[in-house]
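Since the structure comes first, as structure tokens, the remarks are kept for the end.
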Amino acid sequence: MAETYPLPDGRVRTSNYFHERNKYYKENGLEVKVLNFSVSECYTLDGICVISYSAWKKSEEKDNYDVLISHAPNIKHHLPFLLGNEHRFKYILFFFHGQEVLKINEIYPKPYSFQKQDAIKVVARNVYDSFKLSVWKYYLPQLRKKSDYIFVSNSLKEQFFDGTKIRNSLIEEKCHVISNGIGKEFESVRFDVCSEKEFDFITIRSNMDSSTYCIDVLCKLAEKYQEYTFLLIGAGRFFDYYEKPENLTIINATLSHAELIKKLQISRVALMLTKNDTQGVMSCEIASTGMPLITSDIKVCREVFSCFENVKLVENNANRINLVKIIEELESGLPYEKVRNYYSENTVNKEYDLIKKLFRDEP
């Protein structure tokens, strides 16, 4: 079950990594059905049946399932569903991706100045986050005998225990760190060193308005290094309030993986700065092609990208970033070997093995 799920018309792509998992499960012999809380009509996507909550309530097959997978569980829909239906499932897998176990206003950076913060909403967010963490603190351990808990990084797992205050000893042995896998297209493609490059740096951020993704730092770098060309792919209102550097090109659109790869191939280095993340899947996809990548020197990035020689970590401060030196260092190592840490064999396949293991002792 998931709060949102990709739709047949291509909308709601932010939860596409849920669907990629399900396709893998299905291809390997598991029967999968999705409960999407954000739709009122049922539909089929790539052979996978997606149902609404109203359809679930009317279903006569409620007791026909073995495993319940809860992606990014929340207390608005997931918790009520669990309270009324967890007894119907032999096992429950909780997948934690980020915000559902974090105090948003404490962990994430302040919004840009043009995004006015309503004081009441800030207080409400703090109250809600404190409440949700308290709920998980008392509820999740109650299910530990029939549950496992999957985190996309060790950093997120640590934040989970810090936020919920659950004693590690209660569920530690049932916790697993399995990162999100990269798209299949990125597994098969290799960064083309010899192709003609139109841009020196490329940044891909679906929501450029999020202060997490350092678009302000990107602009300062573009202004500082007029000799370089920058490409930004994303959507938002940021440049309604900030002046766009002349050497920065913007593509205000959501592109497919195939389209993104074409843009990556005509760029020299990916510039993917972030102030906070739980994994950084897009950056993992880029790095896995062997393309040189610059990202931020924060704890989760040090963890996630430690396996890549083609990744350089920097401070989120334009004045302290020497792009001339960095691009020279990164390109001196070309071509880089492709790293397989985030291929399906090392990510979703581990999830599949975990699910199969649950039934190892079944008759």
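Matching residues to (1) free of Cβ contacts under 8 Å to residues at least 60 places away in the same chain; (2) of a type in the set (F, W, Y); (3) surrounded by 12 or more Cβ atoms within 10 Å (Cβ to Cβ); (4) in a strand (DSSP E or B):
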{"site": "L83", "(1), (2), (3), (4)": "yes, no, no, no"}
{"site": "Y112", "(1), (2), (3), (4)": "no, yes, yes, no"}
{"site": "V123", "(1), (2), (3), (4)": "yes, no, no, no"}
{"site": "N126", "(1), (2), (3), (4)": "yes, no, yes, no"}
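Tell me, which residue of segment 118-170 that is hydroxyl-bearing (S, T, Y) and in contact with a strand residue (DSSP E or B) (Cβ under 6 Å, 6 or more places away or on another chain) is nearest to Y108 (Cα to Cα)?
Y149
Could you please give the count of residues in segment 39-81 that are under 27 Å from the mean Cα position of the chain (by Cα) and either among the polar types (S, T, N, Q) or in a helix (DSSP H, G or I) (or both)?
The qualifying residues number 10.
At least 1 residues that are open to solvent by 10 Å² or more (accessible area, probe 1.4 Å) and at pLDDT below 95 in each: list the helices (runs of 4 or more DSSP H) lying fully within segment 147-244 that qualify. Don't jump to the end; show me each part of the working.
Details: elements: 154-164, 168-171, 184-188, 215-224.
Filter on segment 147-244 gives 154-164, 168-171, 184-188.
Where residues in segment 301-322 are aliphatic (A, V, I, L, M) and in a helix (DSSP H, G or I), which of them is farthest from N154 (Cα to Cα)?
Among them, the one singled out is A318.
For segment 253-273, check the following and say yes or no: at least one residue is touching a Cys at 6+ places or on another chain (Cβ under 8 Å), at pLDDT 95 or above and buried (at least 20 other Cβ atoms within 10 Å of the Cβ).
Yes, some residue in segment 253-273 is touching a Cys at 6+ places or on another chain (Cβ under 8 Å), at pLDDT 95 or above and buried (at least 20 other Cβ atoms within 10 Å of the Cβ).
For segment 346-363, name all the residues that are open to solvent by 30 Å² or more (accessible area, probe 1.4 Å) and either among the aromatic types (F, W, Y) or under 18 Å from the mean Cα position of the chain (by Cα) (or both).
Of everything in segment 346-363, those that are open to solvent by 30 Å² or more (accessible area, probe 1.4 Å) and either among the aromatic types (F, W, Y) or under 18 Å from the mean Cα position of the chain (by Cα) (or both) turn out to be N346, N349, K350, Y352, F359.
Within segment 14-45, which residues are open to solvent by 20 Å² or more (accessible area, probe 1.4 Å) and among the aromatic types (F, W, Y)?
Once the filter is applied, which keeps residues that are open to solvent by 20 Å² or more (accessible area, probe 1.4 Å) and among the aromatic types (F, W, Y), segment 14-45 yields Y17, Y24, F37, Y43.
Inside segment 1-50, can you point out the residues that are among the acidic types (D, E), without any contact (Cβ under 8 Å) to a residue 60 or more places away in the chain and at negative phi?
Of everything in segment 1-50, those that are among the acidic types (D, E), without any contact (Cβ under 8 Å) to a residue 60 or more places away in the chain and at negative phi turn out to be D9, E27, E31, E41.
The values are calculated or read from the model by the stated rules, or taken from the named source; none is laboratory data. For clarity, every value in this text was computed on a predicted model and none was experimentally measured. Glycine also receives a Cβ, built like all others from the backbone with ideal geometry; neighbour counts cover every protein chain displayed. For accessibility, only protein heavy atoms count, side chains too; no ligands or nucleic acids. Shrake-Rupley method; radii C 1.70, N 1.55, O 1.52, S 1.80 Å.
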